[in-house]
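Quick notes on the structure that follows.
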């Protein structure tokens, strides 16, 4: 099934013409409504009229996460707050969150894109779907929810945090689909197994995203639950889940190209690469009203394929992700930058600035341990001093990341002091 | 009178305690008493030694975090009930005990190492009550 055959299967020529027309309109829109872009364009002597087709996109400046931070919170919004109906936020590289705003039209487009993904995953109006992404500032829960309602499915807004309730309802309601992170789904499959419920579920599809997963995890999920699992991709800066999704042929993720123009850039020269070459993915939001972004660098490494898929869709497909350009981690679906931990530790007096984050996956759930060294000036002969310090650090990290971490005080000089770029992360999960 | 206690922070890794003791042995630092407070992640090794300053210096050189702090080494009669009598004196003055460990050396006398919330006040109370405190040197020469 294809949700929107007109858009998803249009010829490449038609798509290019549509993208061109939308880009021209977008550039004119941001030039007149977002001071940040007007100044950036003026600085390189570029006028909206200079952008005549999608090929001209290379003339436009890039946008980065730092630009969102520098214009925190609403500086890049193109409409007054009276037009914004929803705010979402994700992790920034330091203390401040990356904030995005949606107009009613943006929410409609978002639901449309997620509806395409749900349909790609074989979910329709007869399905009962449990949305087990977090509901809140994170785009996962509400984003998937909007699309699932749009296709007319019976939506069960589980959110996260109660696996027992989720498995009970999965059985009792006869849920046929679930949307959650792949690692959480593996965890759920273990809960089902341990409760002897595996043969009582009616699940047939899973729409998994918000974190990278391997082909091995994909197979494990499908075999263990006897379902089809699909990969959904998105990021809050561009929209949230639904920017791209894979179909039953799993030949890369179909991008909703009429709304988000993808480019894969050479990581050194930042020039667009040909199909099949690996580089940094960038998106231009062709139709967004609230916070339109031009050539937003996602820092995700991938390659692109414009050939027609066996499923009949003509939309460009991005490959499974091959890594990150920066040091961002995704832990339990939450974006985490080591710099956030560093900034949080500055608030704590009794430790040195050295730290190490150890990320692992235990029983399919991500774990984060943060190791710190005590400042020699605060050595103590009392256990409770060290224990209260541990609690304090865990608290500031929880506040900064929105994620609980196990804190371990280690002996002095045990954390690696590397020359040049410091290594602050040991990721044992091997996701790429 | 206060005595210097040497405290060493040790991660719960096999062989770590032995390494600390090895450093002390190499530098001829004699251990008179010790207590090991342990948690799941780390331990605090508290030592009364004959040369705490040297012990700290050498442990620091070997990369251990150590600390010198004041504690009271209190002499009590080596008989049933004497420790409780000591604690009653301290409790009656509203002072909390952070930790305590003991050693008995002679047939007549025993010694406890005690760290209280207010060690200066404890020292005063002990003196007022005619309870003897000794130094590490005193302990070493017993």
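Report the residue count in region A:2-51 for those that are part of a loop (DSSP other than H, G, I, E, B) and surrounded by 13 or more Cβ atoms within 10 Å (Cβ to Cβ).
Qualifying residue count, region A:2-51: 8.
Hey, any hits in region B:30-49 for a residue that's out of contact with any strand residue (DSSP E or B) (no Cβ under 7 Å at 6 or more places or on another chain) and more than 14 Å from every other protein chain (Cβ to nearest Cβ)?
No, because not a single residue in region B:30-49 is out of contact with any strand residue (DSSP E or B) (no Cβ under 7 Å at 6 or more places or on another chain) and more than 14 Å from every other protein chain (Cβ to nearest Cβ).
Find the residue count for region B:96-117, including only residues that are away from chain A (no Cβ under 14 Å) and surrounded by fewer than 17 Cβ atoms within 10 Å (Cβ to Cβ).
Here the count works out to 8.
Check region A:263-280 and report whether any residue there is surrounded by fewer than 24 Cβ atoms within 10 Å (Cβ to Cβ) and in contact with a helix residue (DSSP H, G or I) (Cβ under 6 Å, 6 or more places away or on another chain).
no
Would you mind finding the one in B:20, B:71, B:8 that is part of a helix (DSSP H, G or I), within 11 Å of another protein chain (Cβ to nearest Cβ) and crowded, with 18+ Cβ neighbours inside 10 Å?
B:20
Return the pair list, or none, for Cβ contacts closer than 8 Å from residues in region A:409-429 that are away from chain B (no Cβ under 12 Å) and under 22 Å from residue A:211 (Cα atoms) to residues that are modelled with pLDDT of 80 or more and assigned to a loop (DSSP other than H, G, I, E, B), at least 6 apart or on different chains.
Cβ pairs passing all conditions: A:424/A:327; A:425/A:327.
Of the residues that make up region B:98-109, is at least one free of Cβ contacts under 8 Å to residues at least 12 places away in the same chain and not assigned by TED's automatic domain parsing to the domain that holds residue B:55?
Scanning region B:98-109, I find no residue that is free of Cβ contacts under 8 Å to residues at least 12 places away in the same chain and not assigned by TED's automatic domain parsing to the domain that holds residue B:55, so the answer is no.
Restricting attention to strands (runs of 3 or more DSSP E) lying wholly within region A:318-432, give those where 2 or more residues are more than 26 Å from residue A:298 (Cβ to Cβ).
Result: A:351-362, A:365-374, A:406-410.
On the given criteria, is residue B:43 on the phi > 0 side of the Ramachandran plot and either in the same structural domain as residue B:126 (by TED's automatic domain parsing) or surrounded by 14 or more Cβ atoms within 10 Å (Cβ to Cβ) (or both)?
no
Do you know which of the residues in region A:228-250 that are more than 17 Å from the chain's Cα centre (by Cα) and within 24 Å of residue A:429 (Cα to Cα) is surrounded by the most Cβ atoms within 10 Å (Cβ to Cβ)?
Applying the filter and picking the extreme gives A:229.
(1) surrounded by fewer than 20 Cβ atoms within 10 Å (Cβ to Cβ); (2) in contact (Cβ under 8 Å) with a residue 12 or more places away in the chain; (3) over 30 Å from residue A:36 (Cα atoms); (4) not assigned by TED's automatic domain parsing to the domain that holds residue A:122: which one isn't true of residue A:320, the others all being true?
(4)
For region A:371-380, check the following and say yes or no: at least one residue is within 8 Å of chain B (Cβ to nearest Cβ), surrounded by fewer than 19 Cβ atoms within 10 Å (Cβ to Cβ) and either more than 15 Å from residue A:332 (Cα to Cα) or out of contact with any helix residue (DSSP H, G or I) (no Cβ under 8 Å at 6 or more places or on another chain) (or both).
Yes, the conditions are met somewhere in region A:371-380.
Out of the residues in region A:233-249 that are in a loop (DSSP other than H, G, I, E, B) and in contact with a helix residue (DSSP H, G or I) (Cβ under 8 Å, 6 or more places away or on another chain), state the one that is farthest from residue A:294 (Cα to Cα).
The extreme case among them is A:248.
Would you say residue A:401 is without any contact (Cβ under 8 Å) to a residue 40 or more places away in the chain, more than 13 Å from chain B (Cβ to nearest Cβ) and surrounded by 18 or more Cβ atoms within 10 Å (Cβ to Cβ)?
no
Can you say whether residue A:267 is closer than 16 Å to residue A:324 by Cβ and within 15 Å of the chain's Cα centre (by Cα), as far as the supplied structure shows?
Criteria not met by residue A:267.
For residues that are more than 12 Å from chain A (Cβ to nearest Cβ) and either modelled with pLDDT under 95 or surrounded by 17 or more Cβ atoms within 10 Å (Cβ to Cβ) (or both), tally how many sit in region B:54-68.
2
Condition first: surrounded by fewer than 23 Cβ atoms within 10 Å (Cβ to Cβ) and either touching a strand residue (DSSP E or B) at 6+ places or on another chain (Cβ under 6 Å) or outside the structural domain of residue A:250 (by TED's automatic domain parsing) (or both). Now tell me which residues in region A:112-126 satisfy that.
A:122 - this is the single residue of region A:112-126 that is surrounded by fewer than 23 Cβ atoms within 10 Å (Cβ to Cβ) and either touching a strand residue (DSSP E or B) at 6+ places or on another chain (Cβ under 6 Å) or outside the structural domain of residue A:250 (by TED's automatic domain parsing) (or both).
The values are calculated or read from the model by the stated rules, or taken from the named source; none is laboratory data. In this text the structure is predicted, and so the values were computed from the model without any measurement. Neighbour counts are summed over all protein chains in view; Cβ atoms, including those assigned to glycine, are modelled from backbone coordinates with ideal geometry.
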